[in-house]
1. Would you please name the residue that is nearest to Ile42 (Cα to Cα), looking only at residues in segment 70-128 that are in a helix (DSSP H, G or I) and small (Gly, Ala, Ser)?
2. With the structure loaded, tell me whether Ile45 is crowded, with 20+ Cβ neighbours inside 10 Å and either under 14 Å from the mean Cα position of the chain (by Cα) or among the hydroxyl-bearing types (Ser, Thr, Tyr) (or both) or whether it fails that test.
3. Looking at (1) small (Gly, Ala, Ser); (2) within 25 Å of Ile50 (Cα to Cα); (3) open to solvent by 40 Å² or more (accessible area, probe 1.4 Å), can you tell me which one Ser128 breaks?
4. Considering every residue within segment 74-85, establish whether at least one is among the small types (Gly, Ala, Ser), touching a strand residue (DSSP E or B) at 6+ places or on another chain (Cβ under 8 Å) and either at pLDDT below 95 or within 21 Å of Leu136 (Cα to Cα) (or both).
5. Tally up the residues in segment 94-117 that are out of contact with any strand residue (DSSP E or B) (no Cβ under 8 Å at 6 or more places or on another chain), of a type outside the set (Lys, Arg) and without any contact (Cβ under 8 Å) to a residue 24 or more places away in the chain, please.
6. Regarding Val57, is this residue without any contact (Cβ under 8 Å) to a residue 60 or more places away in the chain and open to solvent by less than 30 Å² (accessible area, probe 1.4 Å)?
7. When Gly109 is evaluated against the numbered criteria (1) in contact with a Phe, Trp or Tyr (Cβ under 8 Å, 6 or more places away or on another chain); (2) open to solvent by less than 60 Å² (accessible area, probe 1.4 Å), which criterion, by number, is the only one it fails?
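The values are calculated or read from the model by the stated rules, or taken from the named source; none is laboratory data. No experiment lies behind these values; they were computed from the predicted model shown. Because the Cβ atoms are built from the backbone with ideal geometry, glycine has one as well, and the counts that use them run over all protein chains shown. Heads up: the accessible areas ignore ligands, DNA and RNA and are worked out on the full protein's heavy atoms, side chains in. Shrake-Rupley method; radii C 1.70, N 1.55, O 1.52, S 1.80 Å.
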Amino acid sequence: MNKINVAILDKHQIVVEGIGELLTSVEDIEVILKMSDKRELIDGIKKNTIHVLIFNVHDLCTEDMNLIQKIETESPQIKVLVLSVVSDKEVIFKTIKAGAKGFLAKDTGKNELIEAIYSLRNGYDYFSSSIANILLNQYINSIKSNEPQKKI
């Protein structure tokens, strides 16, 4: 199997280096880009084959959503994996709508990060359990609100 080429983006260089170090022991994963500047990332992904982008964000703003959407539109082969402290359901939905294929909460450990990378590379979406619970609860609530009321 070919290596999974990963790019890491965070505004803090030490976080980028830390995530990169976590992944160095995984034989199938190669960290190709470690970036702290969004503009440099765009140039970097044009020059390299990237399978998964780990996008570590602190407060998902419109600029971040636009970047995810730009990558989804211009480089659909790159699967965006968001790692964030933000777990507000509206932000999660906007991120997914923008094109992110995975979302991990900050309580994620190394093994789950690696599992998410493999899942995305294999064509599956991946959400940490806390994020999946938010999505599932929203789905269940939407089903309940669309059900006709039973008469007693």
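1. The extreme case among them is Ala98.
2. So Ile45 does not fit the description; no.
3. That leaves (3) as the condition not met.
4. Looking through segment 74-85, at least one residue is among the small types (Gly, Ala, Ser), touching a strand residue (DSSP E or B) at 6+ places or on another chain (Cβ under 8 Å) and either at pLDDT below 95 or within 21 Å of Leu136 (Cα to Cα) (or both).
5. 3
6. Yes; evaluated as a whole, the condition is true for this residue.
7. All conditions pass for Gly109, except number (1).
Results for (1) within 12 Å of the chain's Cα centre (by Cα); (2) under 25 Å from Lys11 (Cβ atoms); (3) open to solvent by less than 30 Å² (accessible area, probe 1.4 Å), shown as yes or no for each residue.
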| residue | (1), (2), (3) |
| --- | --- |
| Val82 | yes, yes, yes |
| Asp88 | no, yes, no |
| Lys94 | no, yes, no |
| Gly102 | yes, yes, yes |
| Leu120 | yes, yes, yes |
| Ile143 | no, no, no |
